[in-house]
Amino acid sequence: MCPHYDSEPGRRDSCREAVATGRLSAGWAVEDGVGALFADGRLEEAVSRTPEARLRRVWAEAGRGVRERALPCRLLGGGEAVAAATGR
């Protein structure tokens, strides 16, 4: 799991390098504003407070380097976004 994938300088590059070298196994990169629900180690749902934010799967592929795939997130609206942000 790599949080703040899109907002902290160098975070994306360091995550990708760690996956490429095997220091991190394939996993999830979470952009700011995204929440991911896992059950028994499997992704059940991804939500976002903004239309642009994404959850990404990041993995190393032999001969092709590090790959990533953005997954769709359900956009939270109105009260849901406020509740998610404030915990209320």
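Okay, here's what the table says:
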item	result
Residue among Arg54, Arg74 that alone is within 10 Å of the chain's Cα centre (by Cα) and basic (Lys, Arg)	Arg54
Odd one out for Arg67, checked against (1) closer than 16 Å to Tyr5 by Cβ; (2) part of a loop (DSSP other than H, G, I, E, B); (3) open to solvent by 40 Å² or more (accessible area, probe 1.4 Å)	(2)
Residue that is surrounded by the most Cβ atoms within 10 Å (Cβ to Cβ) [pool: residues in segment 10-52 that are part of a strand (DSSP E or B) and in contact with a Gly (Cβ under 6 Å, 6 or more places away or on another chain)]	Ser48
Long-range neighbours under 7 Å by Cβ, at least six apart or interchain, first residue over 18 Å from Ser7 (Cβ atoms) within segment 24-46, second among the acidic types (Asp, Glu) and open to solvent by 60 Å² or more (accessible area, probe 1.4 Å)	Leu37/Glu44; Leu37/Glu45; Phe38/Glu44
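The values are calculated or read from the model by the stated rules, or taken from the named source; none is laboratory data. Fair warning: this is a prediction, and the values are worked out from it, not measured in the lab. Quick reminder, even Gly has a Cβ in these numbers, built from the backbone with ideal geometry, and neighbours come from all protein chains shown. Protein only, heavy atoms only, side chains kept; ligands, DNA and RNA dropped before computing areas. Shrake-Rupley method; radii C 1.70, N 1.55, O 1.52, S 1.80 Å.
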